[in-house]
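Following: one structure in structure tokens, then a few remarks.
The values are calculated or read from the model by the stated rules, or taken from the named source; none is laboratory data. These figures come from a predicted structure and were not determined experimentally. All Cβ positions, even for glycine, are placed from backbone atoms using ideal geometry, and neighbour counts span all protein chains on display. The area values use the complete protein model at the heavy-atom level, side chains included, leaving out ligands, DNA and RNA. Shrake-Rupley method; radii C 1.70, N 1.55, O 1.52, S 1.80 Å.
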Amino acid sequence: MAMGKILSSGPILLFLLYLVALVSLPADAAVKRYQFDVQVKNVSRLCHAKPIVTVNGMFPGPTIYARDGDRVVINVTNYAQYNMSIHWHGLKQFRNGWADGPAYITQCPIQNGHSYTYDFNVTGQKGTLWWHAHIFWLRATVYGAIVILPKQGTPFPFPQPYRETNIVLGEWWNNDVEEVVKQGNKLGLPPTTSDAHTINGKPGPLFPCSEKHTFAMEVEQGKTYLLRIINAALNDELFFAVAGHNMTVVEIDAVYTKPFTTQAILIAPGQTTNVLVQANQAPGRYFMAARPFMDAPLTVDNKTATAILQYKGIPNTVLPILPKLPLPNDTAFALSYNAKLRSLDSPLYPANVPLKVDRRLFYTIGLGINPCPTCLNGTRLTASLNNIT
């Protein structure tokens, strides 16, 4: 709450910070303005209808588009019954820390009927990031993509794609997500796993009642497409593949990488991965698919979400082909894939990392068990940092 008191009692300070942000914008920068209305909407998936919290009634929410150097102004009005804050995941808040968004950390959450304006500069970044609710488990449905294009006249450091598409991986619970968390805390157990994973908010035709809940993208033979893939799932690392097609990884978390080709990718919660896909196979319909990676004895939602890559002119009656995804516990693939990630490190995009280590820190992050007399087993799982909850 201290931040709120400082800002409310210091309008001169806020005005000075605003002037600093304005002066620091490059001459060719633009101001991109968005309106986010946080509202509850009834949505149906897996033969279940329920109210979910959305932005502008969309699931996933709207995409933020900007260029490197732009100023982004987003007014958020909260019409939901929950307090709300939005985090711009991965965006470096060099001079605008007040816009970072985690509730009770950099801001007080936005209460029902109130508004808050996020105002930040995009500085030295380009690529795919994302935004999400940063309070409770509301980011289960409140999320969307951020696409940062290079400055005008600056090409991608890889072949120019014919088109690009956002692929946002997420989860769906048939029950109210906040009630799922409360029940887990009450019993002292991990929350129940999701009922399905989703691709752009849709689980795909391998699930019941999903004929209308399947994302499809049309491609033309011989063209190259950029997929901006985001893992918005709460907890699950996910494998992703396109049947019959290789993918060339060109960016991770808004950092260009040395391109490499793979049949599948591994993407962690909160991570983004840009890949190039060439439509160079026999015209048909091909499944894009995602399912979890978990090599520890923990329960995950192990079902496969699907979407469709469909060549132009191919009728919907053609049955799609499923990709061959790694096994859910394929540690060898996970280690091999992560070992291939390298900075582009070119003259235009050097890898400027510190070469001198001043101080070494050791952290232990884990789960512990605390006594809980009211819980089912008399204990409760508790997150810890260096054995401190």
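Here is a yes/no grid of residues against (1) hydrophobic (A, V, I, L, M, F, W, C); (2) at negative phi:
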| site | (1), (2) |
| --- | --- |
| Ala140 | yes, yes |
| Gly153 | no, no |
| Phe156 | yes, yes |
| Pro159 | no, yes |
| Ile167 | yes, yes |
| Asp176 | no, yes |
| Thr193 | no, yes |
| His197 | no, yes |
| Val219 | yes, yes |
* Filtered residues of the range 308-324 (kept if under 26 Å from Thr257 (Cα atoms) and open to solvent by less than 20 Å² (accessible area, probe 1.4 Å)) -> Leu309
* **Contacts under 6 angstrom Cβ, first residue in the range 372-385 being closer than 10 Å to Gly184 by Cβ, partner of a type outside the set (A, V, I, L, M, F, W, C) and in a strand (DSSP E or B), 6 or more apart** => Arg380/Asn370
* For the range 170-225, how many residues meet the condition of being hydroxyl-bearing (Ser, Thr, Tyr), modelled with pLDDT of 90 or more and either touching a Cys at 6+ places or on another chain (Cβ under 7 Å) or under 24 Å from Ala383 (Cα atoms) (or both)? -> 2
* In the range 344-358, residue nearest to Ile308 (Cα to Cα) [restricted to those that are open to solvent by less than 50 Å² (accessible area, probe 1.4 Å) and either in a strand (DSSP E or B) or among the aliphatic types (A, V, I, L, M) (or both)] -> Leu344
* Among the candidates Leu226, Leu234, Leu238, which residue alone is more than 30 Å from Asn174 (Cα to Cα), in contact (Cβ under 8 Å) with a residue 60 or more places away in the chain and of a type outside the set (S, T, N, Q)? -> Leu226
* For the subset of the range 277-300 comprising residues that are outside any strand (DSSP E or B) and at pLDDT 95 or above, which member is nearest to the chain's Cα centre (by Cα)? -> Ala279
* Kindly establish whether Ala80 is small (Gly, Ala, Ser) and either at pLDDT below 50 or part of a loop (DSSP other than H, G, I, E, B) (or both). => yes
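Residues in the range 172-180: is at least one assigned by the TED database to the domain that holds Leu327, in a strand (DSSP E or B), under 28 Å from Asn338 (Cβ atoms) and open to solvent by less than 50 Å² (accessible area, probe 1.4 Å)?
yes
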* Under the condition of being surrounded by fewer than 20 Cβ atoms within 10 Å (Cβ to Cβ), modelled with pLDDT of 95 or more and in contact with a Pro (Cβ under 7 Å, 6 or more places away or on another chain), which residue from the range 226-258 is nearest to Ala332 (Cα to Cα)? -> Glu237
* Structure fact -> In the range 43-77, anything within 19 Å of Phe207 (Cβ to Cβ) and either surrounded by fewer than 19 Cβ atoms within 10 Å (Cβ to Cβ) or hydrophobic (A, V, I, L, M, F, W, C) (or both) is listed as Val43, Ser44, Leu46, Cys47, His48, Ala49, Lys50, Ile52, Phe59
* What do you reckon, is Asn302 without any contact (Cβ under 8 Å) to a residue 40 or more places away in the chain, within 26 Å of Pro190 (Cα to Cα), open to solvent by 40 Å² or more (accessible area, probe 1.4 Å) and in contact with a Phe, Trp or Tyr (Cβ under 8 Å, 6 or more places away or on another chain)? -> no
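Looking at the structure I just gave you, is Tyr65 out of contact with any helix residue (DSSP H, G or I) (no Cβ under 6 Å at 6 or more places or on another chain) and within 23 Å of Glu178 (Cα to Cα)? Walk me through it before giving the result.
Numbers: out of contact with any helix residue (DSSP H, G or I) (no Cβ under 6 Å at 6 or more places or on another chain): yes; within 23 Å of Glu178 (Cα to Cα): no.
Here the answer is no, as Tyr65 does not meet what is asked.
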* Structure fact -> By my count, strands (runs of 3 or more DSSP E) wholly in the range 184-233 with at least 2 residues that are more than 21 Å from the chain's Cα centre (by Cα) are 216-219
* To do: Return the only residue of Leu327, Leu361 being surrounded by fewer than 11 Cβ atoms within 10 Å (Cβ to Cβ) and at negative phi.
  => Leu361
